[in-house]
Structures are given as structure tokens and as C-alpha cells.
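K.L.:
Sending over a structure as C-alpha cells; questions will come in a sec.
The values are calculated or read from the model by the stated rules, or taken from the named source; none is laboratory data. Being a predicted model, the structure only gives us computed values, none of them experimental. Positions of Cβ are backbone-derived with ideal geometry, glycine not excepted, and every protein chain shown enters the neighbour counts. Protein only, heavy atoms only, side chains kept; ligands, DNA and RNA dropped before computing areas. Shrake-Rupley method; radii C 1.70, N 1.55, O 1.52, S 1.80 Å.
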Amino acid sequence: MDATSWILQTLGIIIFILLCASAYLFYAIITKEEIIKQMKEAHQKLMRSFDDLDEQAKLIVRTDLELNKIREEMDKRLNGLNALQRTSRQMSQALNEGEIFQRISPALFEDLGFAHVLVATTNDNNILKVRLNLGFKDTRAEDILKDIEAEAPLKKTMQDTRSLSSINCPNKTKERIVQIFNSEHFIISPVLTQTGSIGFVFVGNRYNAPAVTQGDEELITLLAGQIGQSIENAQLFEKVFRSSQELELKVADRTKQLAGALQKVNDISNKKSEFISAVSHELRTPLTSIKGYAAILIAGKIGEVPPAVKERLVKINSHSDNLVSLINDLLDIARIESGRVEMKFAAYKIKNIIDNVTDLLAPQMTAKGVKLQLPPVPLEGIYVDASHAERVFINLLSNAVKFTPPNGTITLSVSPALEHGYAVFSISDTGIGIPASDVQKLFSEFFRVDNEINQNVKGTGLGLVLAKNIVQAHHGKIWVQSQVGVGTTFYFTLPTTQKAFEERLVPEKSYA
């Protein structure tokens with residue numbers, strides 16, 4: 001191999017090595033740029049991730065701050081509601097308007113976060129008057145109300161049915177309110193009643209205080225509403241109290257008048273009883289003489305009298321008996337009403353009293369053809385004055401016989417049930433009955449029902465009055481039920497024991 005060939009071969013090898021080195025270097029450069037590109041992309045992605053994390057961190061911080069703010073607002077509102085509830089409870093117990101505002105504690109507004117408070121209501125002349133003042137001098141509070149009174153539109157706005165505050169108030173109105181009250185942040189809520197707005201509640205703070213919130217406005221609106229309700233309740237209570245006092249005075253005056261009238265009635269009744277007693281005694285003497293002389297003449301003890309004269313003497317004797325009976329009834333009524341009658345109470349068997357009465361009236365019933373039904377007596381005895389008790393039975397049974405047609409039925413019965421120790425008796429007939437309009441008058445002196453029987457049969461109208469007085473003297477009661485064309489039932493009660501009589505317990509139940 002010559003030198004030229006070796007040189008060429010060597011140059012070829014060198015060139016090949018240079019080409020390989022260049023290719024490797026080229027590949028290395030390309031690979032580095034790719035790596036750098038990938039690293040840049042990774043860096044950019046990492047930066048974007050950092051930015052996203054930063055935004056999320058900021059969002060978390062903002063959310064946490066907002067949640068803290070909401071929690072503080074909720075705590076403030078909850079505290080305000082609790083304080084407002086305590087105040088409302090206190091106000092609701094007030095009985096007059098002045099006391100309502102005395103029960104509003106300054107601590108309420110401290111809890112709500114307000115340093116200036118002014119509550120005003122209108123008087124009868126529609127002029128605003130200070131009711132509660134916190135944070136203002138008294139003279140300043142009066143000047144504020146004067147400024148409001150001087151501006152009718154502003155007064156009307158402040159007493160509108162809606163609350164207004166520094167966060168929702170028109171700018172012009174807000175500027176004027178800030179100027180008058182010297183409070184940058186404020187709430188004004190009307191005091192409302194059923195008749196409309198009667199004033200306002202103002203709360204506010206100076207310029208360096210936090211702004212009011214919607215929650216603050218709601219709480220003050222509730223407070224103003226509670227004040228309005230409490231004022232209405234106090235006015236209603238005062239009205240009812242005055243009416244009650246007036247009614248008490250009227251009742252007392254009327255009671256005094258009625259007591260005087262009752263005393264006059266009692267005096268008249270006593271005088272009537274005394275008069276009847278005196279007149280009856282005076283009438284008894286000549287009647288006794290008339291009856292005695294008539295009896296002597298009828299008997300012919302001083303010579304025979306012509307039949308026509310004898311007939312008239314018999315009528316004189318009969319009418320004298322009627323007058324004596326009338327006088328005796330009047331005397332008995334007068335004695336019982338005045339309490340001068342001597343009642344001899346003792347225990348008697350009911351059956352014995354009923355037997356005595358029915359034996360006495362049996363001839364009248366037989367003559368008229370009236371049947372008497374006597375169901376078994378379920379009770380043993382009663383505690384009465386026997387002679388007077390028998391007169392009650394006689395008077396009621398005589399009336400039943402009088403008004404019951406021939407072949408009719410009279411029933412005398414005793415209820416098996418006691419009412420507070422009193423026996424309930426009933427005497428029923430199948431007579432003509434009594435009109436409802438006359439039932440209430442039956443126990444009036446000298447009253448007689450206007451019917452055909454009474455027109456043909458003489459009577460005094462005192463039998464039922466005497467029966468009523470005797471029953472009442474036994475601390476019992478008497479009443480009647482009747483139906484025209486069907487019949488009448490008289491009920492009366494008498495004590496069964498001395499204890500029942502002394503306790504003066506009268507049954508209130510009516511038996512049909």
C-alpha cells in the first residue's frame with residue numbers, strides 16, 4: 001500500500017468518524033431541545049396547578065370569611081331574638097302605656113348593637129312625644145321631634161307602614177335623616193296598631209360603626225310591632241277596667257236602689273199582713289155574733305120563723321161560714337209571711353197524713369164520681385207540721401176535685417227518689433188544664449183562672465197562696481205543669497228529716 005492510499009484511507013476514516021460525531025451531536029442537540037420543551041411544558045402545567053391551588057386557597061379563605069361573617073350575623077340575630085323575646089314578655093305584662101316603655105331594657109339595644117335609640121308616639125293631638133330615649137340628650141331628643149314635626153313629608157315617611165334603613169332609604173331622605181339624628185347607620189320602623197301608625201322606633205350608630213343589616217331591620221320591625229300590640233292591649237285593658245269600674249258603680253247604685261225598694265216592699269208587706277190580721281180579728285167578732293144569732297133563729301129557740309125567712313137565715317149562716325174560712329186563710333197567710341205562725345215540727349208517717357186527707361175529701365170525690373189513685377208510698381216519713389202539711393194536700397186535692405170532670409181521675413203519688421233529703425209529692429188530675437199565660441199567676445193572692453168552672457163555683461183565690469207559704473215555711477218549693485184539655489200536676493217538696501229541714505236544702509229539679 002503506497003502512502004497515497006493510506007492517506008486516503010485514513011482521511012476516509014477520519015471523515016467517517018467526523019460524520020458519526022456530527023450525527024451524534026445533531027441527535028443530542030435535537031434530544032436536548034425535546035427534553036427542554038417537555039420540561040417547559042411540565043413547568044407550565046405545574047405553574048397552572050399552582051395557580052389553581054392558589055385560586056382554591058383564596059376561595060377557601062373567602063368562603064371561610066363569609067361563613068364566619070354569616071355565623072357572626074346569625075349569632076347576633078339569635079342573641080337579638082332572645083333579648084327581644086325577653087323584652088316582649090315583659091311588655092306584654094304591662095297594664096298601661098307608660099309601663100310598656102319602662103319595661104324596655106337598654107340591654108336589649110346593647111345586644112342588638114345600637115348606641116342611639118328614640119321611640120316616639122303621637123298624643124291625642126297627633127303630636128309626637130318621646131317615650132324612650134337612649135344616647136340622646138333630652139333636649140336633643142325634643143329638638144329631633146320638632147324637626148320631624150316641621151317636615152310633614154318626612155314625618156309621614158317615618159310613620160309609613162314599612163320600615164326604612166340606611167341600606168334601602170332614598171338618598172335625599174337618608175341625607176335628611178342622617179342630618180337630624182346625626183347617625184350614619186340607622187333603622188326606622190313604624191309603631192302600628194289596628195287604627196294605623198301611631199309613632200316610630202329609631203335606632204342608629206355613628207359613622208365609625210358597622211353598617212346595619214337586613215337582619216337588624218327585621219328585629220327592629222318585630223320590636224316596633226310588639227310595642228304597637230302592647231299599646232293596644234294596654235288601651236283595651238284600661239277601657240275594660242274603666243267600664244268595669246263604671247259597671248261596679250252602677251251595680252252598687254242599682255243594688256242600693258233595689259235594697260231600698262225591697263225594704264219598702266217588705267215594709268208594705270208587713271203593714272199589709274198587720275192590716276189583714278187586725279181587720280180579720282175585727283171581722284171575726286161580728287161574724288161570730290151573726291152566725292150565732294142565725295143559728296138560734298134557724299133552730300127556733302126564740303120562736304118559729306116563716307120558711308122564707310128560715311131559707312134566708314140558712315144562706316146567712318152559709319155565707320158566714322165562707323167569710324170565716326176566708327178570714328182564717330188571710331190570717332194564716334199573714335202569720336206565715338210575718339213569721340209569727342207557730343210551726344210544730346215532728347216526724348210523721350206519710351201514709352197517715354195521706355189517709356187523713358183522703359178520708360176528709362172522700363165524700364166530695366164520691367159525690368162527683370172522681371176516682372183517686374194512690375200508688376204505693378215508697379218512703380216512710382216526713383218531718384213537718386202535720387196540721388199545716390195536711391192543709392197543703394187538702395187545698396191541692398180540693399182544686400183537683402173542682403176541676404176534674406165526673407169519672408175523671410186524680411193521682412196522688414210520692415217519688416221514690418229524694419232530692420237533698422226532701423220528698424217530692426205530686427197531685428195530678430185529668431181536668432180542663434190551665435193556660436200557659438195563667439200558670440205564672442197561680443200563686444198570686446186572689447188570682448183565679450178565668451174559666452167556666454170558676455165562674456160557677458165561688459172561691460177566694462187564696463188556697464194556692466196558702467199552700468205555697470206553708471211549703472216555703474218547710475223550706476220546700478212548689479211548682480206546676482199543665483196542659484189545656486189534658487190536665488194539671490202540682491209538685492211540692494217536704495223534708496224527710498230534721499237535718500234536711502235545718503240545712504234548708506231545696507231541690508232544684510222539676511219532675512215531669
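K.L.:
Enumerate the pairs (first residue in the stretch 227-254 and in contact (Cβ under 8 Å) with a residue 24 or more places away in the chain; second residue anywhere and of a type in the set (Val, Ile, Thr) and open to solvent by less than 100 Å² (accessible area, probe 1.4 Å)) with beta-carbon separation below 6 Å, excluding pairs fewer than 6 apart on the same chain, so at least 6 apart or on different chains.
P.N.:
Here the result reads Ile227/Val191; Gly228/Val191; Gly228/Thr193; Ser230/Ile100; Glu232/Thr193, each pair linking the stretch 227-254 to a residue that is of a type in the set (Val, Ile, Thr) and open to solvent by less than 100 Å² (accessible area, probe 1.4 Å).
K.L.:
Go through the stretch 150-163 residue by residue and tally those that are touching a helix residue (DSSP H, G or I) at 6+ places or on another chain (Cβ under 8 Å), of a type in the set (A, V, I, L, M, F, W, C) and more than 17 Å from Gly196 (Cβ to Cβ).
P.N.:
1
K.L.:
Checking Phe136 against (1) surrounded by fewer than 16 Cβ atoms within 10 Å (Cβ to Cβ); (2) free of Cβ contacts under 8 Å to residues at least 24 places away in the same chain: exactly one of these is not met. Which one?
P.N.:
(1)
Yes/no per residue for (1) out of contact with any Pro (no Cβ under 7 Å at 6 or more places or on another chain); (2) open to solvent by 10 Å² or more (accessible area, probe 1.4 Å); (3) part of a strand (DSSP E or B):
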{"residue": "Glu99", "(1), (2), (3)": "yes, yes, no"}
{"residue": "Ala107", "(1), (2), (3)": "yes, yes, no"}
{"residue": "Asn125", "(1), (2), (3)": "yes, yes, no"}
{"residue": "Arg131", "(1), (2), (3)": "yes, yes, yes"}
{"residue": "Asp143", "(1), (2), (3)": "yes, yes, no"}
{"residue": "Asp160", "(1), (2), (3)": "no, yes, no"}
{"residue": "Ile167", "(1), (2), (3)": "yes, yes, no"}
{"residue": "Glu175", "(1), (2), (3)": "yes, yes, no"}
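K.L.:
Right, another one. So if I check each of Ile298, Ile290, Ile276, Ile231, which one is of a type in the set (Val, Ile, Thr), within 30 Å of Leu84 (Cα to Cα) and either touching a helix residue (DSSP H, G or I) at 6+ places or on another chain (Cβ under 9 Å) or modelled with pLDDT of 70 or more (or both)?
P.N.:
Result: Ile231 is the single residue among Ile298, Ile290, Ile276, Ile231 that is of a type in the set (Val, Ile, Thr), within 30 Å of Leu84 (Cα to Cα) and either touching a helix residue (DSSP H, G or I) at 6+ places or on another chain (Cβ under 9 Å) or modelled with pLDDT of 70 or more (or both).
K.L.:
Please find, among Val240, Val203, the residue that is closer than 24 Å to Pro106 by Cα and either open to solvent by 30 Å² or more (accessible area, probe 1.4 Å) or at pLDDT 85 or above (or both).
P.N.:
Val203 is the lone residue from the list that is closer than 24 Å to Pro106 by Cα and either open to solvent by 30 Å² or more (accessible area, probe 1.4 Å) or at pLDDT 85 or above (or both).
K.L.:
Can you go through Pro405, Pro435, Pro378 and tell me which one is modelled with pLDDT under 90 and within 21 Å of Gly476 (Cβ to Cβ)?
P.N.:
The unique qualifying residue is Pro378.
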